[in-house]
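What follows draws every value from the coordinates through simple rules; no lab data is involved. Remember, predicted model here, so these are calculated numbers, not experimental data. Cβ coordinates were reconstructed from backbone atoms using ideal geometry, including for glycine residues, and neighbour counts include every protein chain displayed.
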Amino acid sequence: MVVSILPLNLANVAVEKSGKVILGPASWTLSSSGCTIVMGPNGAGKTTLLRLMHGLQKPTVGTVTWQTSFKTASDKQSFIFQTPVVMRRSVLENLIFPLRVRGIPKSAAIEEASIWLKAVGLESFEHKPASVLSGGEKQKLAVARALIIKPDVLFLDEPTTNLDGASTQAIENLIQTAISGGTRIVMATHDMGQARRLASEVVFLLRGEIHEFTDGELFFIEPKTPEAKSFLQGDILL
Ligand SMILES: Nc1ncnc2c1ncn2[C@@H]1O[C@H](COP(=O)(O)OP(=O)(O)OP(=O)(O)O)[C@@H](O)[C@H]1O
Ligand SMILES: [Mg+2]
């Protein structure tokens with residue numbers, strides 16, 4: 001039987017930097033399915049929360065617990081950064097890397113990679129160094145590299161901020177397909193339209209605290225808190 005790594009439980013977690021609490025204290029459970037959109041003003045703690053869940057940031061206090069061991073959980077999740085990170089290797093080598101480190105034979109990895117190269121429209125770049133790709137193309141590669149392992153959970157930190165409309169649409173479509181395929185999504189975004197289209201639930205962060213946790217549709221129509229309402233109206237929150 002395949003055991004899911006979810007739900008993920010955050011128990012009384014807080015992150016402190018330079019003597020200041022930048023996240024928490026917070027307790028929250030990431031459920032087994034859907035798309036969680038993390039919203040909130042600049043500096044609210046969105047990136048810190050995603051990094052904490054993915055294991056890139058250790059909590060100063062509290063615990064982050066998956067249903068499986070940390071190693072098993074790590075193998076089944078991917079993270080996409082706002083500024084795509086690519087290795088100084090060919091596009092194909094970038095793409096097969098996560099499969100190879102998980103023990104998939106090279107021929108099978110290349111076969112799978114060719115499907116993803118087509119899915120993100122990068123077939124013609126297969127043997128080019130990933131470093132020559134444009135920002136949008138690099139992000140498409142990052143999405144393909146994240147999804148090629150069929151992750152249980154995919155974290156995305158403002159993945160389309162620097163992209164044009166067409167690239168944003170293409171990446172959103174890939175995220176939608178991943179959701180339909182059962183991948184759990186947690187994404188920080190400042191793009192209201194995108195948040196509305198994708199959210200099954202919204203975590204609204206303010207000054208490092210989970211200020212509101214609401215069903216995706218309701219959040220945009222009837223947020224629970226005056227602060228979330230102000231945020232949605234474009235007001236500056238201090
Ligand atoms: N290493 C650090 N040392 C000190 N403060 C930090 C450190 N890393 C983050 N912070 C602070 O923690 C707060 C939360 O940062 P974080 O990057 O999580 O916010 P965010 O919600 O992702 O913001 P943005 O919308 O700008 O991406 C910010 O005030 C930031 O300055
Ligand atoms: Mg951020």
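Before moving on, here are some points about what is shown:
- With the convex hull of the Cα atoms taken as the outline of the stretch 144-224, the averaged projected area works out to 5.9 nm².
- Normalised contact order of the stretch 37-145, rounded percent, pairs of Cα under 8 Å and 6 or more residues apart: 28 percent
- Pairs of Cα atoms farther than 27 Å apart, the chain, %: 36 percent
- Residues Lys118 and Arg207, FRET efficiency given R0 of 30 Å [Cβ-Cβ distance, rounded to 0.05]: 0.10
- Where trypsin sites (Lys or Arg not before Pro) in DSSP loops with at most 16 other Cβ within 10 Å are excluded, longest remaining stretch of the chain: 103-206
- Local charge for Phe125 was computed over the other residues whose Cβ lies under 11 Å away, with Lys and Arg +1 and Asp and Glu -1, and equals 0.
- Value of [θ]222 nm, deg cm²/dmol, for the chain, DSSP H segments ≥ 4, -39500 (n - 2.57) each, nearest 500: -11000 deg cm²/dmol
- Taking the longest Cα principal axis of the chain as reference, the axis of helix 135-147 is set at about 90 degrees.
- Extension gain, His127 to Leu232, is 33.4 nm, computed as 0.36 nm per intervening residue step minus the present C-alpha separation.
- Separation between Cα centres of the stretch 143-186 and the stretch 214-238, rounded to whole Å: 24 Å
- Taking every alpha-carbon pair under 8 Å whose residues sit at least 6 apart, the chain reaches a relative contact order of 27 percent.
- Working from label points 7 Å from Cα in the Cα-to-Cβ sense, the Val3 to Thr63 distance is 1.5 nm.
- Here's the picture: a label point sits 7 Å out from the Cα of Lys150 along the beta-carbon direction, and within the stretch 163-187 the residues with their amide nitrogen under 16 Å of it are 177-184.
- Full-extension gain in nm, Ser33 to Val85, via 0.36 nm per residue minus C-alpha separation: 16.0 nm
- Acute angle (nearest 10 degrees) that the helix 106-119 long axis makes with the longest principal axis of the chain, alpha-carbon atoms: 60 degrees
- Label-point separation in nm, Gln169 to Glu217, each point 7 Å along Cα→Cβ: 2.6 nm
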